[in-house]
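Here is the structure we will look at.
The values are calculated or read from the model by the stated rules, or taken from the named source; none is laboratory data. Keep in mind the model is a prediction, meaning the values are calculated, not measured. We place every Cβ from the backbone using ideal geometry, glycine too, and count neighbours over all the protein chains shown. These accessible areas exclude ligands, DNA and RNA; they are computed on the full protein's heavy atoms, side chains included. Shrake-Rupley method; radii C 1.70, N 1.55, O 1.52, S 1.80 Å.
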Amino acid sequence: MMKRFSTYLAVVLIVALASPVLAGEGHKCTASTQECLDKMAVKMANAGWSGLDGDYDEEKGLFTVTKLFDDSPAVTAGFQKGDVLFAINGHKFADMTEEDWAAMKSERVPGATVTYTLKREGHKKQVEVTLVEMPEEMIAKKVGKHMMEHVTVASVQ
């Protein structure tokens, strides 16, 4: 646990110390590097995590599971690679507005139970998953990836 925290802290410190060099304009994130880092770290620390990753087809409103993280709630709940998710808590992804997505995300906190509707091998199935806190190494990875946008933009200018 201490090693994971140290790794996370090292990533945060490196990005924070390098923020004057990394700051840039003309990219998706309009916040300063430090503001962005702080906001993302807090947001992800308070977000519920299921432990699955995948590809979302916006046109069809379908999310295909491409990765399951070891010992995650998604694995415990019985998700499988290739599952095609199309609804959450009875709401079809394709029918959700931006406001619906925002409301759904705000409810996805550690301890919340989420019911996904999916198709597996042509059969419809509902799978419940209880969300947990996002692991520190996952937060560090996601924050680090986003911070690279700052680096890329700054180096291009």
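Side notes on the structure shown:
- Local charge for Ala47 was computed over the other residues whose Cβ lies under 9 Å away, with Lys and Arg +1 and Asp and Glu -1, and equals +2.
- The GluC sites (Glu not before Pro) found in the range 27-97 that occupy coil by DSSP, while having at most 10 further C-beta atoms within 10 Å, are Glu58, Glu59.
- Per residue, the range 31-86 exposes an accessible area of 57 Å² to a 1.4 Å probe, with every protein chain left in place.
- Each Lys or Arg adds one and each Asp or Glu subtracts one; over the other residues with Cβ under 13 Å from the Cβ of Ala94, this totals -3.
- Whether the range 54-121 is rounded, prolate or oblate, judged on the alpha carbon gyration tensor where a/c under 1.5 counts as rounded: oblate
- For the range 66-76, Karplus couplings with θ = phi - 60° (6.51, -1.76, 1.60), whole Hz, Gly/Pro x: 10, 8, 10, 7, 3, 6, 8, x, 5, 5, 4
- Rounded accessible area of Arg108 (nearest 10 Å², 1.4 Å probe): 50
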